[in-house]
Structures are given as C-alpha cells and as structure tokens.
Amino acid sequence: MRSFSRRGFLAAGAATLAATQFPIRAFGQAAAPLRLAATRRTLDIDGRAATVFGLAGPGGQGLVLDPGQRFRVDLDNDLPVPTIVHWHGQIPPNAQDGVPDMPRPLLAPGETRSFDFASLSGTHWMHSHVPIQEMQLLAAPLIVRRPEDVAADRQEVVLFLHDFSFKAPEEVLAEITGGHGTAASGAMPGMGHGGMHGGAGTAGSMAMPMDMGTMGGMAMDLNDYDWDAYLANDRTLSDPEVVPVERGGRVRLRIINAAAATVFWIDTGTVEGQLVAVDGHPVRPLAGSRFGVAMGQRLDIEIDLPNEGGAWPVLALREGARERTGIVLATPGAAVARIDALAERAAPAFDTDLAQEANLVGIDALPERPVERRHMIMLGGAMQPYAWTIDGAVWGKHRPIAAKSGERVELAFHNMSMMGHPMHLHGHAFQVVGINARRFAGARRDTVYVPPMSMVTVALDAGEAARWMLHCHHMPHLATGMMTEFRVEA
Ligand SMILES: [Cu+2]
C-alpha cells in the first residue's frame, strides 16, 4: 500500500477531474483506450486513515470524456477480490453493462476487461454492482461533456457524495438488517422538527404543507443507518475541499449522489442556482437554493457568483437529520469559515409529496406514441424484519417484467412501504410521465425516487432484447434482494 499523503489525496480527489486536464479531441477521433483501475486507496476521514476502494482514471478518480468520445476503456481489477463495474447512466450493449453474471462474470483479481460503446452525454457515474463494494466507495464520477459545455464559459465542479462507515460493510449490513442501524431504529415519528421549508427562492417547489414526518398518521422511515461520516469528494466538513473560483465566476456543479443509503438536500446558501439537468438529462431551468437528490441520482446546477470576493459553501444535508457535508467555492485569498458538520436543525424529508419531481420538465422528452404495454410494479417491505421486495418477491424469486424491443412501455411504481425507494432501470433513459393520478411530461431519468405511499409512472421505449436490471439504489435494500429484471424480448 502507498502511504497516505494529503497531497496525493488531493490530486486524486474527484473535483480535480477538471476538464482542462483532458485535451479536447476532434469529435469521433479514435484514441487509445482509457485505463481505469479498481484499486484500494487511503482517505483521511476526520483525522483517521480509512482504506477504501476506488476507480482510478488517468486524471484522478473517475473519467471525463469529451463530446462525442466513445467509451473505450480497459478496466483493470487491481483489487484482491473479484469485482464488476456498472456504468450508471450509460446505455451500453447489455454484455457490457457490468452486472455480475448478467451476462458476464465478475473480473478476477488481476483481470483486465475492455469496453467500447457510444457514450451518452451528461453527469453520470460508475460503481461496483456488488452492494458491499459500492458501500466501500468503489464508485466514481463518469462525466461526458456536451459540445455546449465546452463552448460555455463555465467552470465545471464535480460534487461526489457518499456515506461512510469505518466498519466493514458486512458488519454494517448485519446491523441494518438486525434493526440496530440507528439510534432510533424502526419507525421514526416526528421527523418534522426541521420544518418544511425548502429555503428561499425555490420557485415554490418545496412548499409542502403536510407534516413531513407522517403520511396520513403513519410514521415514515427515513434513514436506517447512522454512518460515521458523510463525504463530499472524499472529505468531510472538518477539512472540506475548497474549490478556487473567480469573482463573478460562472460555475456548473455536477452533483452525484453515490451514497449507499443517504438522500441529500443540496443547499447553495446565499446564491441561487438553476437546476439544468437531472441524471444527465437537461430539464427546463428551475431556480432555487435547495434541491434534493436520492441515491443514484444526479443534479447539474448552474451558479453565477457575485462580482466580489468571498467563499460560498455548497452543502449536502442528510434528509431527516442534522448531519451535512459539502465543498466551498472561494475566490483567491477569501477567508473560509469553519462549517460545523452538524446543522442546528434537521433537514426535512425529501420529496414526500413529489413536489420537486412534479416541477421538472424534460427537454429531451420522448416522442408521443401510444403505450403498448403497462406494468404496475409494487414496492414493498418493512424494517422489521428487514426485507424489501418488488412485486412481493426478492431477487431469485422474482417474476421478470416483460416487454418487446421497440415497444412503448409504462412502468407504474407503487410504493406500498413506509420508506422511499430510488428505482434504477439499466439500459434505458425513461421519462417521468405520472405522479399519483396526475399526468405530465416530466424529466428524462434513469433513477426515480418513489416516496412512501405514492405512485410514480415512467415511460420508455424498450431497448436491446436482454435482461436489464431494475432495482432500488438503496444498497442495503439491493443487498437484501430489492431487484428484479426488465426482460426485453426480440
Ligand atoms: Cu429501496
């Protein structure tokens, strides 16, 4: 193992993936495959060394592709254990999708595997599809820039979020499934102490009159594990990343929630942002200073900084709790005040009434077509015993969700449980078209958050005839079987 050094760590930080490190190639120009290595690395977390996994590319953790650049990657498994990496947000041929034995096996230690497919632009990410490895930070940004991003005079800043425990992930899972994950495990009534205020200037999207801790008198379950730390670009607020910006700087935040089991609110503080994309897909710009992001999801937020020097924290607040993490945008020489990792008040629950999702309008909407097949997908389960299901079954006992390639399909996720589930479909970019009984032309996405006791409908055109994973992106839910397959026939 390399010895820990702050400088080396800084160089490997996600936000150092500045596009300036990557020369812009002519569109479509062939290039040598990029090397990406699943490795172990050491982080300094609140002064304590932590050995975690990572995905090391040529410029640090993760990859940044130029517009039109193919995803041509040689993945090395430098870990002592078998692994496999899923390219979350990309639509590769199914054989390159990176799910264990679906259809290709894990990479053995020392094995290299080549990938080559047309990339999809936007803010994406990549992670091991073995839940306990994802929990060990085997995850990294995967950014594919658009020509407009190159032309725009905007500094691109990646904010990669994760939750972290010093314990082995097997132990964490055992605590969660044993019902000992939090100080107040099980039902958590009264989560409403944070109040339901989305921050100033959120275009009205966060004005939720409902008591957010209860759903018709029943208690919701928000967080089922108290992690040791919440990371932004591998660091905590005891030593946050300070990103140098210019006075009046124009910034595009590329925010990725890679956490295993934590929904965050992004809080831009005194500067208002414009949400311009979700899951890598452009949306009609939405002004605000607070936006939620569930596990697996991404947000692109543009910020225009004031024309004076200063420091502007961009915080990520753990929903239903006081913990927070984040980065600081600062002009040269600006004083950066210390930010406590505990807020004074708990942040509210995320999108209990889907107010944020309902305000998103997709710019790359699916063309109108008659729906040829509809599936109702029931999300169920409970904390005690700890079991989460799709259509009443865990993975292995699941009944595949069938479609024919090319069909327009609607999937209606009906969450019958008291916990929210970010549902991720591989191989497709669906469009949100319904929230409860209301129909609308919402955002294109690959991961949609379905809060307790609600229904979200998505539309898609069934892609390559193959078995595509459909699962909850809460890692302990996934690990205990909350996965099925979207089986597309030719
Ligand atoms: Cu779930």
Which order do the peptides 469-478, 413-422, 339-348 take when ranked by the mean count of other beta-carbon atoms within 10 Å per residue, highest first?
469-478, 413-422, 339-348
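Determine the calculated [θ] at 222 nm for the chain from helices alone, applying -39500 (n - 2.57) to every DSSP H run no shorter than 4 residues and normalising by the residue count; nearest 500 deg cm²/dmol.
-1500 deg cm²/dmol
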Search the structure for amide H atoms under 5 Å from the amide H of T389, placed 1.01 Å from N in the peptide plane, and list their residues when 5 or more places away or on another chain.
G380, G381
Calculate how many DSSP beta bridges within the chain are antiparallel, expressed in % of all such bridges and rounded to the nearest 5.
75 percent
R487 accessible area, 1.4 Å probe, all protein chains in place, Å² to nearest 10:
80 Å²
In nanometres, the difference between 0.36 nm per residue of separation and the alpha-carbon distance of R40 and H375 is 116.5 nm
Could you work out the local net charge near T457, counting Lys and Arg as +1, Asp and Glu as -1, over the other residues with Cβ closer than 12 Å to its Cβ?
+1
For the full complex of protein chains and a 1.4 angstrom probe, list D304, D351, D116 by accessible area with the highest value first.
D304, D116, D351
What residues qualify as long-range amide H neighbours of V158, i.e. H under 5 Å apart, gap of 5 or more or another chain, H built at 1.01 Å from N?
R254
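By per-residue mean of other Cβ atoms within 10 Å, what is the highest-first order of 39-51, 157-169?
Those peptides, ordered most packed to least, come out 157-169, 39-51.
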FRET efficiency for K167 and V394 from the Cβ-Cβ distance with R0 = 25 Å, rounded to 0.05, comes out at 0.55
Sorted by chain and number, the residues with a modelled amide H under 5 Å from that of Q297, at a separation of 5 or more or across chains, are N257
Could you sort F430, F53 by their accessible area in this structure, using a 1.4 Å probe and putting the largest first?
F53, F430
How large is ³J(HN,Hα) for each residue in the range 433-441, as worked out from phi by the Karplus curve 6.51 cos²θ - 1.76 cosθ + 1.60 (θ = phi - 60°), to whole Hz, x for Gly and Pro?
10, x, 10, 6, 8, 8, 9, 6, 9
Hey, quick one: spin label on A490, modelled 7 Å out along Cα-Cβ, who in the range 385-411 has an amide N within reach, i.e. under 12 Å?
405
Cβ charges +1 (Lys, Arg) and -1 (Asp, Glu), total dipole of the chain, debye
620 debye
With every protein chain in place, the range 35-125: carbon and sulfur % of accessible area (1.4 Å)
51 percent
At 7 Å along the Cα-to-beta-carbon direction for both E464 and A108, put a label point, then send me their distance in nm to one decimal.
2.5 nm
If unit charges are put on Cβ atoms (+1 for Lys and Arg, -1 for Asp and Glu) and the dipole of the chain is taken about its Cα centre, the option from A260, V283, L315 lying farthest towards the positive end turns out to be V283
What does the net charge come to around L299 if you take all other residues with beta carbon closer than 13 Å to its beta carbon, with K and R at +1 and D and E at -1?
-1
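Just need the relative contact order of the chain here, percent rounded to a whole number, with Cα pairs under 8 Å and 6+ apart.
With pairs under 8 Å counted, the relative contact order is 13 percent.
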Rounded to a whole %, the carbon-and-sulfur portion of the accessible area of the range 362-460 at a 1.4 Å probe is 56 percent
Note, the range 130-137: 3J(HN,Hα) by Karplus (6.51, -1.76, 1.60, θ = phi - 60°), whole Hz, Gly/Pro = x, goes 9, x, 5, 7, 4, 5, 9, 6
Given a 1.4 Å probe, the accessible area of the range 213-352 per residue, as a whole number of Å², is 31 Å²
Relative contact order %, the range 124-180, counting alpha carbon pairs below 8 Å whose residues are six or more apart:
34 percent
If you average the sequence gap of Cα pairs under 8 Å that are 6 or more apart and divide by the length of the range 292-383, what percent do you get for the contact order?
22 percent
Return the whole-Å distance between the Cα centroid of the range 311-385 and the Cα centroid of the range 457-486.
21 Å
Counting Lys and Arg as +1 and Asp and Glu as -1 over every other residue whose Cβ sits under 15 Å from the Cβ of N436, the net charge comes to -2
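The values are calculated or read from the model by the stated rules, or taken from the named source; none is laboratory data. Because the structure is predicted, anything quoted here is derived from the model rather than measured. Because the Cβ atoms are built from the backbone with ideal geometry, glycine has one as well, and the counts that use them run over all protein chains shown. When the accessible area is computed, the model is the full protein with side chains, heavy atoms only, and any ligands, DNA or RNA have been set aside. Shrake-Rupley method; radii C 1.70, N 1.55, O 1.52, S 1.80 Å.
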